[in-house]
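One structure below.
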Amino acid sequence: MRKLLQSLCFITFFYYVYIPLHAENITIKIATGEWAPYVSSKMKNFGPSTEIIQASCKAANILPIIEFYPWKRTEHYLSQGEYFGAYPYTIRKDRQKIFDFSEPLFKTVVVYVYYKQNIESRQIKNIKTLADLKNYRLGGLSGSFQFQELDDKVYKIHCTTNIQQAIKMLVKNRIHFFLEERTVAFYEIEKAFPGKSIDFGILNFHYGSQTYDALMVSRKYPNSDILLKKFNEGLKSIKQNNIYTAIVNKYNMAPAD
């Protein structure tokens with residue numbers, strides 16, 4: 001009798017776990033937010049991050065239901081296990097204590113952008129480290145991690161509510177540099193001054209280290225560990241068959257190593 005009950009329990013577990021995860025087009029819920037040009041509800045195919053997510057899921061026989069929310073709400077839903085994952089999120093040690101991460105989707109780097117007409121080239125050559133920027137006015141988004149780390153008693157920091165405002169302050173010489181992820185910065189510059197991106201430059205060093213963005217996964221979502229493994233297999237597949245390379249090249253992104 002005991003062996004019969006054990007067999008029935010195994011069959012029940014097999015039916016509810018193994019069968020759904022090996023059926024075609026497993027449906028999962030994924031959340032994201034606005035961070036153009038990487039992801040946006042206003043962009044074609046919702047941007048390159050979404051194209052990578054969709055292609056990886058397709059290769060793994062996963063059907064993602066993607067929904068847009070403000071970023072704070074996205075993280076809340078993820079912490080409650082209401083969504084399998086959210087993207088793109090930078091892989092950080094503090095987040096890894098709470099969430100799991102997929103293999104990297106792409107690489108990001110925060111740069112110092114300047115307006116060439118306002119700063120002489122000889123000044124630029126003399127700026128080699130962050131310490132050399134103490135006498136310059138730095139701008140960027142309020143709440144961004146770099147301004148949470150920089151000491152405003154040491155550096156002259158001017159925060160803005162959006163990137164477009166920072167770009168306009170830069171051109172008007174109200175700030176000397178603004179800090180932003182490279183691809184995002186030049187996407188916004190092109191929006192503000194179409195065809196004038198050549199008038200802007202970046203310093204030869206960047207802020208902090210290069211980081212990697214990935215799909216951040218809830219540990220409370222049903223079978224998240226198995227689903228994450230399948231997703232990573234799909235991502236590996238598109239990296240091997242050049243689908244991934246075509247996406248990152250099309251959008252001038254920095255591919256994950």
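Computed quantities for the displayed model
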quantity: Number of the exception - ALA36 against (1) modelled with pLDDT under 50; (2) closer than 22 Å to PHE186 by Cβ; calculated: (1)
quantity: Condition check for LEU78: at pLDDT below 95 and not in a strand (DSSP E or B); calculated: no
quantity: Residue match in the range 167-176 (condition: within 21 Å of the chain's Cα centre (by Cα), part of a helix (DSSP H, G or I), over 30 Å from ALA60 (Cα atoms) and in contact (Cβ under 8 Å) with a residue 24 or more places away in the chain); calculated: no
quantity: ALA131 being among the small types (Gly, Ala, Ser) and over 18 Å from the mean Cα position of the chain (by Cα); calculated: yes
quantity: Hits in the range 20-67 (condition: surrounded by fewer than 16 Cβ atoms within 10 Å (Cβ to Cβ) and either part of a strand (DSSP E or B) or of a type in the set (S, T, N, Q) (or both)); calculated: ASN25, THR27, SER41, ASN45, ASN61, LEU63, ILE65, GLU67
quantity: Residue identified as surrounded by fewer than 21 Cβ atoms within 10 Å (Cβ to Cβ), under 30 Å from ALA55 (Cα atoms) and in the same structural domain as SER49 (by TED's automatic domain parsing) among GLY85, GLY81; calculated: GLY81
quantity: Flag if ASP225 is modelled with pLDDT of 95 or more, within 30 Å of SER56 (Cα to Cα) and not in a helix (DSSP H, G or I); calculated: no
quantity: From GLY208, GLY195, residue being in contact (Cβ under 8 Å) with a residue 12 or more places away in the chain and on the phi > 0 side of the Ramachandran plot; calculated: GLY208
quantity: Leading residue by the ranking (nearest to GLU190 (Cα to Cα)) among those in the range 225-242 that are in contact with an Asp or Glu (Cβ under 9 Å, 6 or more places away or on another chain) and in contact (Cβ under 8 Å) with a residue 12 or more places away in the chain; calculated: LEU235
quantity: GLY143, sole failed condition from (1) assigned by TED's automatic domain parsing to the domain that holds LYS239; (2) at positive phi; (3) not basic (Lys, Arg); calculated: (1)
quantity: Out of ILE119, ILE91, ILE124, sole residue that is under 16 Å from the mean Cα position of the chain (by Cα) and aliphatic (A, V, I, L, M); calculated: ILE91
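The values are calculated or read from the model by the stated rules, or taken from the named source; none is laboratory data. Predicted model only: the values in this text are computed from it and were never measured. Please note: Cβ atoms are built from the backbone with ideal geometry, for glycine as well, and neighbour counts cover all protein chains shown.
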